[in-house]
1. Quick one: is residue 34 free of Cβ contacts under 8 Å to residues at least 60 places away in the same chain, of a type in the set (Phe, Trp, Tyr) and assigned to a helix (DSSP H, G or I)?
2. Can you pull out every residue in the range 150-161 that is in contact with a strand residue (DSSP E or B) (Cβ under 8 Å, 6 or more places away or on another chain) and farther than 16 Å from residue 117 by Cα?
3. Test residue 70 against the criterion of being touching a His at 6+ places or on another chain (Cβ under 8 Å), among the small types (Gly, Ala, Ser) and either farther than 21 Å from residue 176 by Cβ or assigned to a loop (DSSP other than H, G, I, E, B) (or both), and give yes or no.
4. Which number in (1) out of contact with any Ser or Thr (no Cβ under 6 Å at 6 or more places or on another chain); (2) free of Cβ contacts under 8 Å to residues at least 40 places away in the same chain marks the one condition that residue 71 misses?
5. Which of the following residues is in contact with a Ser or Thr (Cβ under 7 Å, 6 or more places away or on another chain) and either closer than 28 Å to residue 161 by Cβ or among the polar types (S, T, N, Q) (or both): 52, 91?
6. Of the residues that sit in the range 25-48 and are touching a His at 6+ places or on another chain (Cβ under 9 Å) and surrounded by fewer than 21 Cβ atoms within 10 Å (Cβ to Cβ), which one is nearest to residue 90 (Cα to Cα)?
7. Picking from 101, 71, 151, 137, which residue would you name as being modelled with pLDDT of 95 or more and touching a helix residue (DSSP H, G or I) at 6+ places or on another chain (Cβ under 7 Å)?
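The values are calculated or read from the model by the stated rules, or taken from the named source; none is laboratory data. Predicted, not measured: the structure shown is a model, and the values here were computed from it. Don't worry about glycine lacking a Cβ; one is built from the backbone with ideal geometry, like all the others, and counts go over all protein chains shown.
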Amino acid sequence: MKKRSATGVYLGRMIASVIRINLLIIAYIPSHIFRNFLYKNIFHMNIGKNVVIYYGAEIRAPWNIHIGEGTVIGDKAILDGRSGIKIGKNVNFSTGVWIWTNQHKVNDISFGIEGKPVIIEDRVWLSNRTIILPGVTVGEGAVVAAGAVVTKSVEPFVIAGGVPARKIGEREKQIGYLFHGSHLFFL
């Protein structure tokens with residue numbers, strides 16, 4: 001493996017810092033329509049129709065994130081797209097949902113990083129302050145209860161909760177809601 005020069009490492013860190021600062025500024029622009037425009041057209045984030053990304057969401061590597069139509073990303077969410085995130089249609093993220101696709105290797109002597117993509121299927125509801133870890137798939141129509149930490153994939157139409165999250169119930173399979181982008185607040 002070719003080793004990067006100190007100058008190359010420095011320039012890479014500077015570029016990453018500029019990107020991160022710009023993404024943080026975009027997160028606080030008081031219009032979800034304008035935020036989506038910038039995410040799509042500057043950072044090549046794949047965003048479907050009628051998607052709302054609320055004020056203050058932190059987006060990392062947006063070029064690796066796909067969000068299906070009619071999905072709502074709540075305020076103060078963190079979407080770590082470094083290893084890829086695919087979010088289905090008509091998904092609801094409540095306030096403070098964190099999705100992580102990279103983490104440190106616990107037993108690595110150099111504390112290296114490993115990553116796996118996260119998949120959130122259609123009509124999932126991730127409640128307040130839930131955390132989804134790398135490599136997890138949350139199946140269609142599943143609900144993750146407030147404060148849960150999801151370390152393993154969740155089956156479709158399951159209600160999961162706890163730390164670590166486990167099945168605590170089942171959801172009706174006859175769900176058909178669609179989000180059309182209209183709501184009371186525009187932040």
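1. Yes: the conditions hold for residue 34.
2. Within the range 150-161, 155, 157, 158, 159, 160, 161 qualify.
3. Numbers: touching a His at 6+ places or on another chain (Cβ under 8 Å): yes; among the small types (Gly, Ala, Ser): yes; either farther than 21 Å from residue 176 by Cβ or assigned to a loop (DSSP other than H, G, I, E, B) (or both): yes.
Here the answer is yes, as residue 70 does meet what is asked.
4. Result: residue 71 fails condition (2) only.
5. Sole residue among the options that is in contact with a Ser or Thr (Cβ under 7 Å, 6 or more places away or on another chain) and either closer than 28 Å to residue 161 by Cβ or among the polar types (S, T, N, Q) (or both): 91.
6. This residue is 48.
7. Every option except 101 fails the conditions.
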